[in-house]
Amino acid sequence: MLKWKELYEECKNCHKCALGEKRTNMVFGEGNMKAPIVFIGEAPGADEDRSGRPFVGKAGQLFTKGMLALDLKRDRDYYICNICKCRPDRNRTPTEEEAMTCLPYLRNQVALIKPKIIICLGATAMKYIIGSDWRITRDRGKWIERKGYYIMPTFHPAALFRDESKKSLFWRDLKSIKEKYEKLKEDGEI
Ligand code: URA
């Protein structure tokens, strides 16, 4: 397992898959590196590729706003990153090969952070973190306990723009995360 600085440098110089050839910036992740909650998205979009920061575009801003409404802050309560650290062209879903190539970096990040709660934002994160037999519309909002982590999938915030009806379910899931977080604090697990 690499330490933060080495891991960052390795990701920054990574050319293990073709995404590394076209990126403007590698998007490592950001937030509290000792956070009890880690959010995992799919891959950077255009705004993230340009800025080098995760979830700063339209979907990211909606997500951040929802979190702030629950008094959950990026630099205090959570860390946010992606399955893939580089942007796939035209924002396509990363291929299985791209995801599997990048996954060790994410595993290393999670091992360094040691969160209690892991949230998969969307079907791609859910597939690689929980398993390919889960379905986002059927299984979002369900908690599982695995390897000492409480894990839950919810919609990717970008999906809320395509289907307004998902907003209330997404909001319900964010509140469930907040409740789990408060309960773990109360129980002294955090
Ligand atoms: N979508 C993602 O999955 N990740 C980002 O960082 C931005 C948009």
Order of ASP47, ASP173 - criterion: other Cβ atoms within 10 Å of each residue's Cβ, fewest first:
ASP47, ASP173
Proxy exposure order for ILE144, ILE83 (fewest C-beta within 10 Å first) is ILE144, ILE83
Nearest 10, in degrees from 0 to 90: the angle of helix 58-69 to the longest Cα principal axis of the chain is 30
Counting other beta carbons within 10 Å of each residue's own, what order do PHE39, PHE161 fall into, fewest first?
PHE161, PHE39
Relative contact order, percent, of segment 1-113 when contacts are C-alpha pairs under 8 Å separated by at least 6 residues?
36
For the chain, give the share of DSSP beta bridges that are antiparallel, in percent and rounded to the nearest 5; count only bridges with both residues there.
25
Angle, helix 166-186 long axis vs. longest principal axis of the chain, Cα atoms, 0 to 90°, nearest 10?
70
Cα-based reach from LYS73 at 16 Å (exclusive), listing aspartates and glutamates while leaving out same-chain residues under 8 positions away:
GLU30, GLU179, GLU182
Let's see if you can work this out: charge +1 on each Lys and Arg Cβ, -1 on each Asp and Glu Cβ, no other charges. What is the dipole magnitude of the chain about its Cα centre, in debye to the nearest 20?
220
With each run of n ≥ 4 DSSP H residues scored as -39500 (n - 2.57), what mean residue ellipticity at 222 nm is computed for the chain after dividing by its residue count and rounding to the nearest 500 deg cm²/dmol?
-13000 deg cm²/dmol
Taking the dipole about the Cα centre of the chain, with the C-beta of Lys and Arg at +1 and of Asp and Glu at -1, give me whichever of MET1, ILE37, ASN108 is farthest to the positive side.
ILE37
Along the charge dipole of the chain, Cβ charges K/R +1 and D/E -1, which of LEU121, THR93, MET26 sits furthest on the positive end?
LEU121
In whole Hz and in residue order, list the ³J(HN,Hα) couplings for segment 3-20 that follow from phi through the Karplus curve 6.51 cos²θ - 1.76 cosθ + 1.60, θ = phi - 60°; x for Gly and Pro.
7, 3, 5, 5, 5, 4, 5, 5, 5, 4, 9, 5, 9, 6, 9, 5, 4, x
Exceeding the 22 Å Cα-Cα cut-off - candidates LYS116/LYS167; LYS142/LYS166; LYS85/LYS178; LYS22/LYS127:
LYS116/LYS167; LYS85/LYS178; LYS22/LYS127
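Laboratory data are not the source of any read-out in this text; all were calculated from the coordinates shown. What you are looking at is a predicted structure, and each value in this text was computed from that prediction instead of being measured. No Cβ is skipped: glycine too gets one built from the backbone with ideal geometry, and neighbour counts run over all protein chains shown.
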